[in-house]
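Input: a single structure, listed below in structure tokens.
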Amino acid sequence: MMRGAFFLGPNEMALRDVPVPVPAPGEALLRIEACAVCGTDLRILSGGKTRGVVPPRVLGHEIAATVASYGEGAAAVVGLPVGTRVTLPPGITCGACRFCVTGLENHCTRREAFGYKYDGGFAEYMLMPAHAARRQMLFTVPNSLPAAEASLAEPLACVVNGQRKSQVTVGDVVLIAGAGPIGLMHVQMSRLAGARAVIVSEPSPARREQALAMGATEVVDPTVHDVGDVIRARAGGFGADVAIAAIGVPGLVHDLLRWVRPGGRVNLFAGYAGAGEATISANLIHYGELVVTGTSACTSEDFRVALALLSEGRIDAGPLVSHRFPLAEVHEAFDVTRRGAGLRVVVTP
Ligand SMILES: [Zn+2]
Ligand SMILES: [Zn+2]
């Protein structure tokens, strides 16, 4: 038997003991080593954004695992020995649709995902269906990278996607709004990309401290100071080269448009609740010739880059893991995430 945390309906999740899945031909069985709690998990559980998740379903898509066993024929297809430490992007893509073949596989028209359509990582084992095993979506995790940190490859891959869209480059002044785990990843990535100044706007003193520790050159409390003034003081009287929204506050969009220089780049990284309606002055984009991009999920190439950055210690995910809970305390793990009491919260069965 194995234990899993099953989403049963809005605000209902329960630990259940069920038989360990036996992989059918073509399938792979993973033993979960770590699964991080994502804001999306909270939105599904609260019933706000179920994305067609049909209960009972094990949530969790930020996964580090070990290959436990294979169904007939799967070992040769996947090509990794039993016992290999792995992580994986949550999205199972078709590889054949218009978006898959043009490098936009995160927009695959037949995209399915673990923790949504298939059982995810808040359990002791997870079954990988045959069509997913055929997609070669398991990435090997080196022994030097702890499972809890490897589970952050998925959010980091999304950040890699956002950084590509933002085109942070040598000498840039970058403004990052929000210093949660995602904002802190953007801080590290922006420094890695050569930004000369990374200014972080964040109301929480503890998170501002974290941002400084992770490479922010300046932090500002937006409830006390004018962020635009801070940017202009650093950028020779002009706006930032790049502004990234790492928190989903619609009202912030107009501010980000005001805070970049002519020709500057604005990336709306974080998702917005509901319709996400915001009032902006479209002329800021028109006259300023601004480039506004969005970011949603990641491609397997983003994932490969993210895991390499973690594996080689170029991005330090250690301090981003603030809490660890055993599976039996999965509810507490969700509560801590909901309260924003820490950074990334990881469940380790
Ligand atoms: Zn996530
Ligand atoms: Zn596709």
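Could you figure out which of (1) touching a strand residue (DSSP E or B) at 6+ places or on another chain (Cβ under 8 Å); (2) surrounded by 17 or more Cβ atoms within 10 Å (Cβ to Cβ); (3) of a type outside the set (S, T, N, Q); (4) in a helix (DSSP H, G or I) isn't true of residue 232?
For residue 232, the exception is condition (1).
Does the stretch 272-280 contain any residue that is within 14 Å of residue 177 (Cβ to Cβ), free of Cβ contacts under 8 Å to residues at least 40 places away in the same chain and out of contact with any strand residue (DSSP E or B) (no Cβ under 6 Å at 6 or more places or on another chain)?
yes
Table: residues versus (1) outside the structural domain of residue 331 (by TED's automatic domain parsing); (2) touching a strand residue (DSSP E or B) at 6+ places or on another chain (Cβ under 7 Å); (3) part of a loop (DSSP other than H, G, I, E, B).
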site: 7; (1), (2), (3): no, yes, no
site: 14; (1), (2), (3): no, yes, no
site: 20; (1), (2), (3): no, yes, yes
site: 26; (1), (2), (3): no, no, yes
site: 30; (1), (2), (3): no, yes, no
site: 33; (1), (2), (3): no, yes, no
site: 43; (1), (2), (3): no, no, no
site: 47; (1), (2), (3): no, no, yes
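Counting only residues that are touching a Ser or Thr at 6+ places or on another chain (Cβ under 7 Å) and within 22 Å of residue 41 (Cα to Cα), which one in the stretch 97-119 is most open to solvent (accessible area, probe 1.4 Å)?
111
Does the stretch 202-221 hold any residues that are touching a residue at least 24 places away in the same chain (Cβ under 8 Å) and at negative phi, and which are they?
Within the stretch 202-221, 202, 204, 207, 208, 210, 211, 213, 214, 216, 219 meet the criteria.
Evaluate the stretch 242-254: report whether one residue or more is over 21 Å from residue 159 (Cα atoms) and surrounded by fewer than 22 Cβ atoms within 10 Å (Cβ to Cβ).
Within the stretch 242-254, one or more residues are over 21 Å from residue 159 (Cα atoms) and surrounded by fewer than 22 Cβ atoms within 10 Å (Cβ to Cβ).
Looking at 93, 84, 109, 102 in this structure, which one is at pLDDT 95 or above, within 16 Å of ligand 2 (Cβ to nearest atom), polar (S, T, N, Q) and closer than 29 Å to residue 148 by Cβ?
93
Out of curiosity, is residue 208 buried (at least 17 other Cβ atoms within 10 Å of the Cβ), modelled with pLDDT of 95 or more and over 22 Å from residue 289 (Cα atoms)?
Yes; evaluated as a whole, the condition is true for this residue.
Test residue 174 against the criterion of being touching a Gly at 6+ places or on another chain (Cβ under 7 Å) and at pLDDT 95 or above, and give yes or no.
No; evaluated as a whole, the condition is false for this residue.
For (1) out of contact with any helix residue (DSSP H, G or I) (no Cβ under 8 Å at 6 or more places or on another chain); (2) of a type outside the set (Asp, Glu); (3) surrounded by 24 or more Cβ atoms within 10 Å (Cβ to Cβ); (4) over 17 Å from residue 211 (Cα atoms), each residue gets a yes or a no:
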{"site": "152", "(1), (2), (3), (4)": "no, yes, yes, yes"}
{"site": "164", "(1), (2), (3), (4)": "no, yes, no, yes"}
{"site": "167", "(1), (2), (3), (4)": "yes, yes, no, yes"}
{"site": "173", "(1), (2), (3), (4)": "no, yes, yes, no"}
{"site": "177", "(1), (2), (3), (4)": "no, yes, yes, no"}
{"site": "183", "(1), (2), (3), (4)": "no, yes, yes, no"}
{"site": "189", "(1), (2), (3), (4)": "no, yes, yes, no"}
{"site": "193", "(1), (2), (3), (4)": "no, yes, no, no"}
{"site": "196", "(1), (2), (3), (4)": "yes, yes, no, no"}
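Might you let me know whether the stretch 93-110 holds any residue that is of a type in the set (Val, Ile, Thr) and in contact with a strand residue (DSSP E or B) (Cβ under 7 Å, 6 or more places away or on another chain)?
no
Of the conditions (1) within 14 Å of ligand 1 (Cβ to nearest atom); (2) in contact with an Asp or Glu (Cβ under 8 Å, 6 or more places away or on another chain); (3) among the hydrophobic types (A, V, I, L, M, F, W, C), residue 159 clears all except one; give me its number.
Of the numbered conditions (1) within 14 Å of ligand 1 (Cβ to nearest atom); (2) in contact with an Asp or Glu (Cβ under 8 Å, 6 or more places away or on another chain); (3) among the hydrophobic types (A, V, I, L, M, F, W, C), the odd one out for residue 159 is (2).
For the structure I just gave you, tell me whether residue 45 is open to solvent by less than 50 Å² (accessible area, probe 1.4 Å) and within 16 Å of ligand 1 (Cβ to nearest atom).
In short, yes.
Filter the stretch 66-123 for residues that are closer than 18 Å to residue 21 by Cα and in a loop (DSSP other than H, G, I, E, B) and give the result.
71, 72, 73, 82, 83, 115, 116, 117, 119, 120, 121, 122
Can you spot a residue in the stretch 134-152 that is within 16 Å of ligand 2 (Cβ to nearest atom), in contact with a Cys (Cβ under 8 Å, 6 or more places away or on another chain) and of a type in the set (Ser, Thr, Tyr)?
Within the stretch 134-152 (the criterion being within 16 Å of ligand 2 (Cβ to nearest atom), in contact with a Cys (Cβ under 8 Å, 6 or more places away or on another chain) and of a type in the set (Ser, Thr, Tyr)), the answer is no, since none of the residues qualifies.
Do we find that residue 179 is within 21 Å of residue 241 (Cα to Cα), more than 16 Å from ligand 1 (Cβ to nearest atom) and not in a helix (DSSP H, G or I) in this structure?
Judged against the criteria, residue 179 is a match.
The values are calculated or read from the model by the stated rules, or taken from the named source; none is laboratory data. Everything quoted here is computed from the prediction, not taken from an experiment. Note that we place each Cβ from the backbone using ideal geometry, even for glycine, and neighbour counts take in every protein chain shown. Note: areas computed on protein heavy atoms with side chains; ligands, DNA, RNA excluded. Shrake-Rupley method; radii C 1.70, N 1.55, O 1.52, S 1.80 Å.
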